[in-house]
Amino acid sequence: MDEVAGRPAHVLYVLRHAKSSWKEPGLEDHERPLAPRGRKAAATLARHLRQAGIEPSLVLCSSARRARETYDAVKPSGELLVEPALYGATAGEVIERLRQLPESTGSAMVIGHNPTVQLLVLWLASPHFSPETSEGAGSGALEGVREKFPTCALATLAFGGPWRELGPGGAELAGVVRPADLA
């Protein structure tokens with residue numbers, strides 16, 4: 001992996017939105033807010049970001065209310081771009097969006113939805129992963145992601161090439177943090 005000053009050239013943070021509320025059954029999916037448990041988990045993750053020095057330079061966030069509220073609660077640094085296309089996007093479509101990032105963007109965060117964010121992490125970190133079959137994820141942290149990527153989980157991926165070449169197996173899973181791990 002190419003590195004700049006001893007660090008990967010790019011870092012991608014993939015965050016699944018926090019737990020949403022189902023209390024209003026007639027509410028459109030896009031407009032569902034965070035549940036109290038989701039707000040608590042997001043606050044826990046926000047503390048982790050500060051303590052770990054996680055500061056993405058750009059945040060791509062789904063336009064869904066629960067994703068935007070997760071952003072507001074986690075408060076990651078960097079420029080925010082709320083992108084309607086991320087709501088309902090496939091992992092491949094998210095990768096295509098990431099390939100458009102300028103090379104000056106050293107780190108980015110995607111705040112989105114399952115199964116897309118889980119498949120995104122698996123696809124980027126495993127050269128033999130197939131989104132169609134969900135097979136080939138490997139072991140360790142990657143195997144944990146294959147089994148479950150819970151709400152408000154944050155995966156960190158590192159890679160050395162340019163954004164435009166980001167693709168299957170092109171990144172290393174540097175870590176996964178779940179709010180339950182931080183409590």
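The values are calculated or read from the model by the stated rules, or taken from the named source; none is laboratory data. Since the structure is predicted, the reported quantities are computational estimates derived from the model, not experimental observations. We place every Cβ from the backbone using ideal geometry, glycine too, and count neighbours over all the protein chains shown. Just the protein is used for accessible areas: all its heavy atoms, side chains included, with ligands, DNA and RNA removed. Shrake-Rupley method; radii C 1.70, N 1.55, O 1.52, S 1.80 Å.
Give me the percent of the accessible area of the range 7-112 that comes from carbon and sulfur atoms, probe 1.4 Å, all protein chains in place. Of the solvent-accessible surface of the range 7-112, carbon and sulfur hold 51 percent.
What is the antiparallel percent of DSSP beta bridges lying wholly in the range 18-150, to the nearest 5? Bridges in the range 18-150 that DSSP calls antiparallel: roughly 20 percent.
Against the chain, whose longest principal axis is taken from its Cα atoms, helix 36-52 shows a tilt of about 30°.
A run of the chain free of exposed loop cleavage sites, with trypsin sites (Lys or Arg not before Pro) counted only in DSSP states other than H, G, I, E and B and at most 14 other beta carbons within 10 Å, reaches its longest extent at 24-98.
With contacts taken as Cα pairs under 8 Å and at least 6 residues apart, the chain reaches a relative contact order of 31 percent. When GluC sites (Glu not before Pro) are flagged only if DSSP places them in a loop and at most 15 other Cβ atoms lie within 10 Å, the longest unflagged stretch of the chain comes out as 29-102.
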